[in-house]
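As structure tokens, the structure follows; a few thoughts come after it.
Nothing in this text is a laboratory measurement; each read-out follows from the coordinates by a stated rule. Because the structure is a prediction, the values reported are computed rather than measured. So basically every Cβ, Gly included, is an ideal-geometry build from the backbone, and we count neighbours across all protein chains shown.
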Amino acid sequence: MLIRSKETVGDKTRTVELTQVENVNFKIRTESGFDIYTDESLDNRGTGTAPRPLETITAALAACQSVQIVRVKDAMRFNMQDLDVVCSTTTGRIPGLEGNDAVMRFGAATMEISFATDEPENRIERLKTLAVDRCPISRLFEDAGVEVKMNWVVKSLAS
């Protein structure tokens, strides 16, 4: 069996371009050519036509962690089916700088990650450890002092 060496990857810069559509509705063009729209609800000066920015961060956390789970699964040749993730983030207000009004901050993040497998417990634990270690968005939350609490639901794979 041929074993590939991992490529050494240096720093990578990602750039997006944002254009105002209307009020707090924005079009964000990614460097890979995709458009992402964000907006706010009608009662928060938006049009309610796209996800709110804080929802996109929650979605990015769930997607990033899921990408890492799949990558680790593939590298380990780990038998897995039916990966599902439910991710929640909680925000609250803290005092602003220099006596300014309170500002919104993330205070909590949780994920329920479920999948089916017939792998032994030691391989399941290894998958969890490696996948969590590799998620840069989860690390971003942790660097900001917000622990991402994960509840893993591992179901038995029907034979």
**Request:** Please work out the FRET efficiency for the pair Leu97 and Arg45, using the Cβ-Cβ distance as r and a Förster radius of 22 Å; give the result to the nearest 0.05.
**Result:** 0.45
**Prompt:** If you look for lysine pairs in the chain that are eight or more places apart or on different chains, how many of them have Cα atoms under 24 Å apart?
**Reply:** 8
**Asked** Using 7 Å Cα-to-Cβ label points, what is the Val154/Ile28 separation (nm, one decimal)?
**Response** 3.4 nm
